[in-house]
Each structure stands twice: as C-alpha cells, then as structure tokens.
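This report concerns only the one structure given below.
The values are calculated or read from the model by the stated rules, or taken from the named source; none is laboratory data. No experiment lies behind these values; they were computed from the predicted model shown. Because the Cβ atoms are built from the backbone with ideal geometry, glycine has one as well, and the counts that use them run over all protein chains shown. What goes into the accessible areas is simple: the full protein's heavy atoms, side chains included, and nothing from ligands, DNA or RNA. Shrake-Rupley method; radii C 1.70, N 1.55, O 1.52, S 1.80 Å.
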Amino acid sequence: MASALTDKLSRLVKEIRGQARITETNVSDMLREVRMALLEADVALPVVRDFIARVKEKALGQEVLGSLTPGQALVAIVNKELAATMGDGVADINLAAQPPAVILMAGLQGAGKTTTTAKLAKHLMEKRGKKVLTVSGDVYRPAAIEQLKTVTKQAGAEWFASTPDQKPVDIALAALDYAKKHFFDVLLVDTAGRLAIDEALMREIRELHAGIHPVETLFVVDAMQGQDAINTAKAFKEALPLTGIILTKLDGDSRGGAALSVRQITGAPIKFAGTSEKLDGLEVFDANRHAGRVLG
Ligand code: GDP
C-alpha cells in the first residue's frame, strides 16, 4: 500500500534522523522534501499546503524532550499529522437506526461500487452478524443490476430484484418495505454511476437520498484516480451529506495520496479500504496504521 510515498518518505526519514538539531532553516529544508514527496504521491496542492503549515507550526513550537533527537521529533510530528489528516484511528460504520439501517453507495462508474456493496454485505454478515439485503438503483445499465445479483449471491447475502423501467427511489422504497417485512438489519442501496460528474446524476442521487434517509451515505472512490479523485470528491460532497468514504483499489495505488486528499476535502472519515478484486478484499481503514505505512 502507498509504496512510492512510503519509499520516498522512508529515505527522507533517514535523512531527517541524521540531523542533530531542529532549526528554522533545517525544518524548512526537511518540509520542502516532505512537500515534494506528498505532491509526487498526488496529494492535492491545497491539502499539502495545509499539512505543511500545520507540521511547521507544531515543529517550531515543540520542546524536544527525553530521548528523541530533534529529527526523530519532527518525524513523529509528521507521522501524527498524517494520521490526523486521514482521520486518526478507525471510524466505525454506523448502524444505529431502526432496522433496517439503510446504506447508500455513491460514486462514479468504475469506482468499484457494486463490488464494494457485495464486500460490505459480506463484512456485515460475517463480522457483525447482520442480515443483509442489497438492491441496485442503476436503471441505465441492466448489466449492473445483474452484476449486483451475482456478487450478492457470492457474498451469501440476499438481493432484491429491480428493473430498468422503475425510478431509483421507487426501487429503493420497495426494497426497504421488503427488508422491513423480512426483518433485515441492513439494506445496501447500490446506485448508478456515470463516467464523469453530471447534473442529472447528482439530482437523481439527491432524490434517492431524500426518499430513503440513509443512516450512512458512503462515497466510493478509486484510490488510483489521483488528482481526479479530488474533483469527484468535491462534487459528491456538494451533492450529498456524505457520512463516510470507501477507498477502493488501494492494492494498486502506488502513489498513496488519495487517502489524504479525499479525507481532507470531504471532511468525511474513510471507513473502509478495498484491497483486492475478491469479495473478502475489504479492510476497516485504520488511519494510524496507514500513516505508519506511508512513513515507512
Ligand atoms: P462500479 O461501476 O462502481 O460498480 O464498479 P465495479 O464494482 O464494477 O468495479 C469496477 C472494477 O474494479 C471491477 O473490475 C472490480 O473487480 C474492480 N475493483 C473494485 N474494487 C477493487 C479493489 O479494491 N481492488 C482491485 N484491485 N480491484 C477492485
């Protein structure tokens, strides 16, 4: 995970550790390197600027204590701030609703929404003992409805049928009604994506959100999208009250910057990370652990 950023920062950490004293000048030099590493990792520029400013303020205000050398102290500050930027620790999925807890999955086509819906169904069944129903509101691509049916079955959850002549909100309400009558704990609503942001898509998903009042509105985003992930995140954040993020394809992300940017730009916690195409390739995202990996 995040290998290029890891490599770069690991080298840097060695250099920083070699410094004897923290001064205004060498803090600036070191932070210039950190800045380059983050930009190379495709972290968005405003996010990098904020990050560097916070680290600098903390580093210069810090009394160096105990056995830490100033270099180690700076590394610790960078590490702590990386974790804080990504949300500090683990953000649990919220199921605190009158059952069924409705979870809306939002994101662009290809982000991994359908796969992630099935992964989440499996996770909630196996790790949380929940009874899970899935439904697809993608009325534009019948193949997407079929895909959800297939992966839901593989996950061992139940799938609610829908057809392309229905309105997404009507589909979701019918599934909700079925879920209530059959005592499901969770209803996962997969939605239509587009190849790029468009107004009609945003209007439709807002209507869907207003109709079903989800307890979680999860933004599914491809970590390999790099800078584009930022624009997508902004658009979804403006359209919907996001409660969490699922970062997919972290296994293929060599730059490692999306986690920082997307968290900072949406303000929503990263709750899960996709780590393979397989249905068990979903991890609870731990910001502290991810920060540790990033720094190497
Ligand atoms: P959707 O259009 O957003 O519903 O995306 P899909 O669920 O169809 O996923 C698009 C592609 O990404 C598929 O080939 C998935 O197998 C793949 N995919 C999804 N999540 C991951 C992941 O975490 N890691 C990897 N390597 N591939 C993933």
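List of remarks:
- Filter pass, VAL90 being away from the ligand (no atom under 12 Å from the Cβ), in contact with an Asp or Glu (Cβ under 8 Å, 6 or more places away or on another chain) and within 24 Å of ALA229 (Cβ to Cβ): yes
- Filtering the stretch 222-259 to residues that are within 14 Å of the ligand (Cβ to nearest atom), buried (at least 21 other Cβ atoms within 10 Å of the Cβ) and hydrophobic (A, V, I, L, M, F, W, C) leaves ALA223, ALA229, PHE236, ILE245, ILE246, LEU247, LEU250, ALA258, ALA259.
- For the stretch 124-148, residues that are touching a residue at least 12 places away in the same chain (Cβ under 8 Å) and surrounded by fewer than 21 Cβ atoms within 10 Å (Cβ to Cβ) total 9.
- Looking only at the stretch 93-109, and only at residues there that are out of contact with any Phe, Trp or Tyr (no Cβ under 7 Å at 6 or more places or on another chain), within 16 Å of the ligand (Cβ to nearest atom) and in a loop (DSSP other than H, G, I, E, B), the one that is most open to solvent (accessible area, probe 1.4 Å): GLN109
- Qualifying residue in the stretch 194-207 (condition: buried (at least 22 other Cβ atoms within 10 Å of the Cβ) and part of a loop (DSSP other than H, G, I, E, B)): no
- Any chance THR266 is open to solvent by 30 Å² or more (accessible area, probe 1.4 Å) and under 25 Å from LYS80 (Cβ atoms): no
- Residue pairs whose Cβ atoms lie under 9 Å apart, sitting 6 or more positions apart in sequence or on different chains, and linking a residue in the stretch 163-185 that is under 24 Å from GLY129 (Cβ atoms) to a partner that is among the aromatic types (Phe, Trp, Tyr) and open to solvent by 20 Å² or more (accessible area, probe 1.4 Å), are ALA175/PHE160; TYR178/PHE160; ALA179/PHE160; PHE184/TYR178.
- Of residues in the stretch 163-190 being part of a loop (DSSP other than H, G, I, E, B) and open to solvent by 10 Å² or more (accessible area, probe 1.4 Å), the one nearest to the ligand (Cβ to nearest atom): PRO164
- Residues in the stretch 113-125 include none that are in a strand (DSSP E or B), at pLDDT 95 or above and within 16 Å of the ligand (Cβ to nearest atom).
- The sole residue among PRO164, PRO100 that is modelled with pLDDT under 95 and over 21 Å from PHE236 (Cβ atoms) is PRO164.
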